[in-house]
Amino acid sequence: MHSTAALVAGFIADEFSYEKFDVPPQDLPQFMRRFRDGPLTGLNVTIPHKMAVMGFLDTIDPTASVIGAVNTIVKTGATLTGYNTDAYGLIKSVKDIGGIPDLSGKKVFIYGAGGSARAAVSGFIADNAASLTIANRTPARAVEILSRLSPCATATKAIGFDDRKTLVESVATADIIVNTTSVGMAGGGDPAGLPPGTEGLREGQIVMDIVYSPLTTAFLSTARANGAITVDGLWMLVYQGARAFEIWTGREFPVEKARAVLLAKLGEG
Ligand code: ATR
C-alpha cells in the first residue's frame, strides 16, 4: 500500500521504502535507539508495541495521548513525535463510506474494549456523538475505558455480553454500530462468529467491522441482510495509512489505488 502510494506521490527509487521489522518486546529500547540515530524518518508501530513505544518519544500528539497508544512516528530533526491515526481511519471510514458526514447527535454502539475500541471512543467523542454504549465480553474493561474519559457531553454506558436484553435494545436503537473485537476474523477462532445482540440490527443503520479478513465478515453480512449500510475494515486500514503517509511525507495519499492493492492481496480484487 505505502510502496504504491510512494510511486503515485512521485517518489523515485531510494527516496521511499516501507519495510517490516519483527521486534520482540525486549528489543524495543535498542530498536528505538537505532531508529533515533539511523537514517529512517518514519515508523508504523503495531501490536504489542503501541503503548510501550510512547516511552521512547519526545512529543506525543494530543489524540494519541487521549487514546494512550501510538501507531505512527515521525522523526523531524532530532525530535521523535508519536501520533495515533487509528481514530482518524475509523471515523473517516464511517463518515465517507457510511455516508454520514456529521456524527453529532448520533447514537453509537461499540463492541470491544481493547486498543481499537479506545481509538473509536475518542474519535466519536471528538465528533460529538450523542451517546456511546460499549459492550465487551469482559465488562470491567468497558467500564475502565469510560472511567478514563474526561468530562464530555456524550452520554456513556458499559455493558457485558451476558446482558442480552440490554444488548439487543442498545443495538436496535443505535445509529452507528462498530465491531472492534476479533470475533469473525479469519485464522483465529470462528470465522462465522458473530458478536451477541445482532438480532437488533436493522435497516438504515451504519454498521462497521474493523476486521478486514474476511472482507465481508459474518457480522457485516448479517447487517446487510437486515438492510444496514456496511463499512468493511479495509477502509480503516487504508485511511489510517493515508494519514500516516501524509504525516511522514506531506504528500497526498492515493486512497483508491491503495485499496485496490490491498483488495488484490486479499484475493478480493
Ligand atoms: P485491539 O488492540 O485490536 O483492540 P485487544 O486490545 O487485544 O486488540 O482487544 C481485543 C478485543 O476483542 C477485546 O475487546 C476482547 O474482549 P475481552 O476484553 O473480553 O478480552 C475482544 N475479543 C477477542 N476475542 C473475543 C471472543 N472470542 N469473543 C468476544 N470478544 C473477544
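The values are calculated or read from the model by the stated rules, or taken from the named source; none is laboratory data. This one's a predicted model, so the numbers in the text were calculated from it and none came from an experiment. Glycine gets a Cβ as well: all are built from the backbone with ideal geometry, and neighbour counts include every protein chain shown. Side chains included, ligands, DNA and RNA excluded: accessible areas come from the protein's heavy atoms. Shrake-Rupley method; radii C 1.70, N 1.55, O 1.52, S 1.80 Å.
For the stretch 97-179, the carbon plus sulfur part of the accessible surface works out to 50%, probe radius 1.4 Å. Close Lys pairs in the stretch 56-182, defined as Cα atoms under 26 Å apart and 8 or more places apart or on different chains, number 12. Hey, quick one: spin label on S104, modelled 7 Å out along Cα-Cβ, who in the stretch 79-95 has an amide N within reach, i.e. under 18 Å? Only 92, 95 pass the distance filter.
Using a probe radius of 1.4 Å on heavy atoms only, what accessible surface per residue do you get for the stretch 153-222? Whole Å² is fine. Provide the component values of the computation, followed by the final result.
Working: 2980 Å² over 70 residues.
I get 43 Å² per residue for this part.
Thinking of the chain as a set of Cα atoms, what percent of all their pairs are more than 25 Å apart?
Result for the distance tail: 46 percent.
Under a 1.4 angstrom probe, counting protein chains only, how are Y212, Y111, Y83 ranked by accessible area, largest first?
I get Y212, Y83, Y111, largest accessible area first.
Of the residues I100, I12, I176, the one with the largest accessible area comes first in the ranking I12, I100, I176, computed with a 1.4 Å probe on protein heavy atoms. Each residue of the stretch 237-254 is assigned a 3J(HN,Hα), and the resulting list reads 4, 5, 6, 5, x, 4, 5, 4, 4, 5, 5, 5, 10, x, 9, 6, 9, x Hz, derived from the Karplus form 6.51 cos²θ - 1.76 cosθ + 1.60 (θ = phi - 60°), x at Gly and Pro. Eigenvalues of the alpha-carbon gyration tensor of the stretch 78-225, scaled by 5 and square-rooted, set the equivalent ellipsoid semi-axes at 22, 18, 17 angstrom, largest first. Just to confirm my numbers, what's the Cα centroid distance between the stretch 1-52 and the stretch 226-264 in Å? Each part reduced to its Cα centre gives a spacing of 18 Å.
Between the helical axis of 255-265 and the longest alpha-carbon principal axis of the chain there is an angle of about 80 degrees.
The Cα atoms of the stretch 1-96 give a gyration tensor whose axes a ≥ b ≥ c have a/c of 1.5 or more with a/b no greater than b/c, which makes the shape oblate.
Comparing mean-square fluctuations of F253, F16, F109 from a GNM of the chain with C-alpha springs under 10 Å, the top value falls on F16.
For the chain, the longest principal axis of the alpha carbon atoms and the long axis of helix 115-126 meet at an angle near 80°. Round to the nearest 10 and give me the degree value, 0 to 90, for the angle of helix 164-173's Cα axis relative to the longest principal axis of the chain. Helix 164-173 and the main axis of the chain meet at about 80 degrees. Solvent exposure of D27, expressed as accessible area, is near 60 Å², computed with a probe of 1.4 Å over the protein chains only. Estimated at the nearest 10 Å², the accessible area of M185 is 80 Å² with a 1.4 Å probe.
Using r as the Cβ-Cβ distance of T173 and S150, and R0 as 25 Å, what FRET efficiency do you calculate, to the nearest 0.05?
Numbers: r = 25 Å, r/R0 = 1.02.
That pair, T173 with S150, gives E of 0.45.
The accessible area of E199, taken with all protein chains in place and a 1.4 Å probe, comes to roughly 110 Å². Entry note: the stretch 190-269 has Rg to Rh equal to 1.06, where both radii use alpha-carbon atoms and Rh is the Kirkwood radius. Percent of C-alpha pairs per 5 Å bin in the stretch 8-47, short distances first: 5, 17, 26, 25, 13, 9, 5, 1. Computed on protein heavy atoms with a 1.4 Å probe, the accessible areas place W235, W248 in the order W248, W235, largest first.
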